[in-house]
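For reference, the structure is listed below as structure tokens.
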Amino acid sequence: MSNLKFFYVKLSCPKQEDNNKFSNLFEHIFHKRIFNFELENIPNNLDNANKKDIIFIHIGGDSSNKRRYFKDNKVLNNYTNGIYSIGVINSINSEAKSVSVSLIGLEKHVTKEDLYFFPQFINNLGASTKGIPNQAGLYELKEGIALSLIEYFRERNLISKDLDIIKNLEIKDKLFSKALSEYNSKFSEKKLTQKIFQKYTNQNSNFSNRNNLQVIEKFVKWFEKSENYKLSYKGIVNRENLYFWDQTYFNNQIFNIDINNKQKSFSKIKNLISNNSNKEWLDFNASSSKGAPKAVLGEKNYLKFLQEFITSSDFEGLKLKFPILEKFNINKFISATKDAGLNYNPELITRYIASLATKPFVLLSGLSGSGKTKLAQAFAQWICESEEQYCIVPVGADWTNREPLLGYVNALENTEYILPENGALNLIIKANNNPKKPYFLILDEMNLSHVERYFADFLSVMESNDTFKLHSSEKNLNNNENEKYDKLIEVPKDIGWPKNLFVVGTVNIDETTYMFSPKVLDRANVIEFRVTEDDLENYFKPETNTLDMKKLWVEETKKGLGAEYGEDFVKISIKKTEKENLKIINDELIKFFNKLQIVGSEFGYRTASEIQTLFGMIDLINPDYDKSEDFLKTYSKNYDFKIDVAIMQKLLPKIHGSRRKLSKPLKLLAALCLTETIDNIFKEDGEINITTDKIKYPLSFYKIARMYKNAIENGFASYAEA
């Protein structure tokens, strides 16, 4: 394999009669049987090629030559240029400038348009008119490109996988790593993967789930009209290409149109297409058929169509099928909180929203009056279209079962369901009926009662994807057909926890509250609120805005200023993230797992999986989280912050116990949070004995340090602090 080379030959239709040799070549190709052929007048690379090397045959030619040569053959007199055959070199005659080959025709020839998603093929095969190679000759292909092309043939069933000349090639494990090495010089690594390859080379790809596909198809039909058609873009303007460009380079935005604001949609799309900072799109365009993609989407084609389309009767008939899906923008919320007089660190906001998107159950713990409930309320108020999408429920000290949240059947009237006055069940039902909108159930002072008693159904349904069993009747209770219930919401027999329902619990620790059990903590992301000296100084500054939660919405309509991002936030939380590049976090998890085992607080698969998701979600929610000056002063590497958050929110909350049980393990855990090995991390009285520059994970380290000090001074420590 190491000595095997790959070559590419481009043949052109002859201008005059050649004793039917060119015609015979086509005849053999169409029979799909192995045949021998003599390639003549090969001017180059003959000394570089060897017997048994693999060769690809591209057949091109000028249209006038085709018509002249095949004047009596209506099938071939306008054949499409492309790769028609693959074979092996039998012998080389350098003096005669000829190569003897054994060839077999592909089941269907491969054109430039077929390879459109893979510009690295086009560049190396010379399909571009001004590319190199362009003239007939023998040209060597790099191994990675050749193997990728062979795998393309096999995936499309263009050649038999048992064909002798290729069946022993080591393709499966090496194909994409080699193709990527050719590809990465111009394109980011994420653009060429096995998944992308399979998705966009599958002839049966199903695009029917895309709303904007209708806009794409209307553009394709517009382009095919004689007055709009351009021969130079033949094969390029089709729904597969347009869909691919939109998804890969424009985040599914250039075919999304808001019928209620057509000009805003048009301006946005025009700006996206003409944005010169979209480097990946510009690189792709430059490498693909003389910049055709950008021209297709430009002012003489797609933008021209779009301007005509949004003023046509066809567009009015679309009704509300194409709302603009605004991409979630955390910076808008951070700015809104400042305007409303809320004093939150952007790092805390990032942790909170990323945690919600990772799993829709978050606990906010910490000092009373530190802003836990206000943050939950602020985000819900900002991102919701109306007050009906969230409710704040004060938990009662007398809650001993699920009825305060899920209600119950009237024992005297079994057609009536008593709904909680706090609106919790109403909210769950509405969330099920409106899956694209986010809904928030905020349980204030969640641990005033035993959580495991009133919240047990939620804990179970959260993991099992089962449903809340509300009653046994086959019909909905509070049926609106009965005038008695016409103002009540109908209650089904059972109902699920919808993906768009986010539950947030706030937690205070004092003599009136209860501790959470490990099974509750294991299911949540726990975020601790602390007020630092810097926080207080910022709060006391005269320029700090007065608290005004009304600034988070439009007063007249109560619509949140960030309501346009609600659907995308739900989409992010449902889709989650690809679990890639996780070796760093996985290695750290193993280290902490070993130390946590000592105190019986090790974690299971669920926690490990949720940490991996959170690791990627932080990047997705706030791509710029690592750009601030404060961040750069605190963390030397951007992934240190993500690891720090994961340890703090998912691993430490379950730790509790006596001084004897915790003192040694807490020291071991603290050591894992440092940049180097240090013997005496703490003094005898529990105070920290190191400088800040030695701390790699500050959130986690200082939490462990406080727990250690509590264990030394009080004989007991837990994550929750009064």
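The values are calculated or read from the model by the stated rules, or taken from the named source; none is laboratory data. A quick note: this is a predicted structure, and the numbers were derived from the prediction, not measured. No Cβ is skipped: glycine too gets one built from the backbone with ideal geometry, and neighbour counts run over all protein chains shown.
Against the criterion of being surrounded by 16 or more Cβ atoms within 10 Å (Cβ to Cβ), in contact (Cβ under 8 Å) with a residue 60 or more places away in the chain, in contact with a strand residue (DSSP E or B) (Cβ under 7 Å, 6 or more places away or on another chain) and on the phi < 0 side of the Ramachandran plot, Phe502 qualifies.
Could you identify the single residue in Lys654, Lys661, Lys642, Lys650 that is part of a loop (DSSP other than H, G, I, E, B) and either touching a residue at least 40 places away in the same chain (Cβ under 8 Å) or surrounded by 17 or more Cβ atoms within 10 Å (Cβ to Cβ) (or both)?
Working: Lys661 fails: part of a loop (DSSP other than H, G, I, E, B); Lys642 fails: part of a loop (DSSP other than H, G, I, E, B); Lys650 fails: part of a loop (DSSP other than H, G, I, E, B).
Criteria check complete, one pass: Lys654.
Screening the candidates Leu39, Leu46, Leu25, Leu11 for the property of being assigned by TED's automatic domain parsing to the domain that holds Ala146, surrounded by 12 or more Cβ atoms within 10 Å (Cβ to Cβ) and touching a helix residue (DSSP H, G or I) at 6+ places or on another chain (Cβ under 8 Å) yields one hit, Leu11. Can you find a residue that is assigned by TED's automatic domain parsing to the domain that holds Val599, part of a helix (DSSP H, G or I) and at pLDDT 90 or above anywhere in the stretch 682-691? The answer is no, given that none of the residues of the stretch 682-691 is assigned by TED's automatic domain parsing to the domain that holds Val599, part of a helix (DSSP H, G or I) and at pLDDT 90 or above. Within the set Lys499, Lys519, Lys487, the sole residue that is under 25 Å from Phe603 (Cβ atoms), part of a loop (DSSP other than H, G, I, E, B) and of a type in the set (Lys, Arg) turns out to be Lys499.
Within the stretch 703-722, residues that are within 11 Å of Glu687 (Cα to Cα) reach partners that are among the small types (Gly, Ala, Ser) and part of a helix (DSSP H, G or I) with beta carbons closer than 9 Å, at six or more positions or on different chains, in the pairs Ala705/Ala670; Tyr708/Ser663; Tyr708/Ala670; Ile712/Ser663. Here Asp47, Asp62 are screened, and the one residue that is modelled with pLDDT under 90, of a type in the set (Asp, Glu) and within 26 Å of Glu95 (Cβ to Cβ) is Asp47. All of (1) hydrophobic (A, V, I, L, M, F, W, C); (2) within 26 Å of Phe361 (Cα to Cα); (3) surrounded by 13 or more Cβ atoms within 10 Å (Cβ to Cβ) hold for Ile598 with one exception: (2). Considering the stretch 433-454 alone, what residues qualify as being in a helix (DSSP H, G or I) and buried (at least 16 other Cβ atoms within 10 Å of the Cβ)? Listed by number, the residues that qualify are Met446, Asn447, Leu448, Val451, Tyr454. Within the stretch 669-685, the residues that satisfy the criterion of being without any contact (Cβ under 8 Å) to a residue 60 or more places away in the chain and not β-branched (Val, Ile, Thr) are Ala670, Ala671, Cys673, Leu674, Glu676, Asp679, Asn680, Phe682, Lys683, Glu684, Asp685.
A quick yes/no check of all residues on (1) more than 25 Å from Asp535 (Cα to Cα); (2) aliphatic (A, V, I, L, M):
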| residue | (1), (2) |
| --- | --- |
| Asn594 | yes, no |
| Val599 | yes, yes |
| Gln612 | yes, no |
| Ile618 | no, yes |
| Glu629 | no, no |
| Thr634 | no, no |
| Phe641 | no, no |
| Ile647 | no, yes |
| Leu652 | no, yes |
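For the stretch 408-423, state whether one or more residues are touching a helix residue (DSSP H, G or I) at 6+ places or on another chain (Cβ under 8 Å), surrounded by fewer than 20 Cβ atoms within 10 Å (Cβ to Cβ), in a helix (DSSP H, G or I) and assigned by TED's automatic domain parsing to the domain that holds Asn480. Checking the stretch 408-423: not a single residue is touching a helix residue (DSSP H, G or I) at 6+ places or on another chain (Cβ under 8 Å), surrounded by fewer than 20 Cβ atoms within 10 Å (Cβ to Cβ), in a helix (DSSP H, G or I) and assigned by TED's automatic domain parsing to the domain that holds Asn480. Checked against the criterion of being surrounded by fewer than 19 Cβ atoms within 10 Å (Cβ to Cβ) and within 22 Å of the chain's Cα centre (by Cα), the stretch 349-360 contains not a single residue that satisfies it. On the stretch given as the stretch 276-309, residues that are at pLDDT 85 or above, assigned to a loop (DSSP other than H, G, I, E, B) and surrounded by 14 or more Cβ atoms within 10 Å (Cβ to Cβ) total 2. When the stretch 600-625 is filtered for residues that are of a type outside the set (Val, Ile, Thr), closer than 15 Å to Ile643 by Cα and in contact with a Leu (Cβ under 7 Å, 6 or more places away or on another chain), the ones remaining, listed by number, are Ala608, Gln612, Phe615.
Within the stretch 86-108, is there a residue that is closer than 26 Å to Tyr233 by Cβ, crowded, with 18+ Cβ neighbours inside 10 Å and either touching a Cys at 6+ places or on another chain (Cβ under 7 Å) or among the aliphatic types (A, V, I, L, M) (or both)? The answer is yes, given that some residue of the stretch 86-108 is closer than 26 Å to Tyr233 by Cβ, crowded, with 18+ Cβ neighbours inside 10 Å and either touching a Cys at 6+ places or on another chain (Cβ under 7 Å) or among the aliphatic types (A, V, I, L, M) (or both).
Residue-by-condition table, conditions (1) assigned to a loop (DSSP other than H, G, I, E, B); (2) crowded, with 18+ Cβ neighbours inside 10 Å:
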{"site": "Leu363", "(1), (2)": "no, yes"}
{"site": "Lys374", "(1), (2)": "no, yes"}
{"site": "Ala378", "(1), (2)": "no, yes"}
{"site": "Glu388", "(1), (2)": "no, no"}
{"site": "Asp398", "(1), (2)": "yes, no"}
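For Gln247, state whether it is more than 16 Å from Thr311 (Cα to Cα) and either assigned to a helix (DSSP H, G or I) or without any contact (Cβ under 8 Å) to a residue 60 or more places away in the chain (or both).
yes
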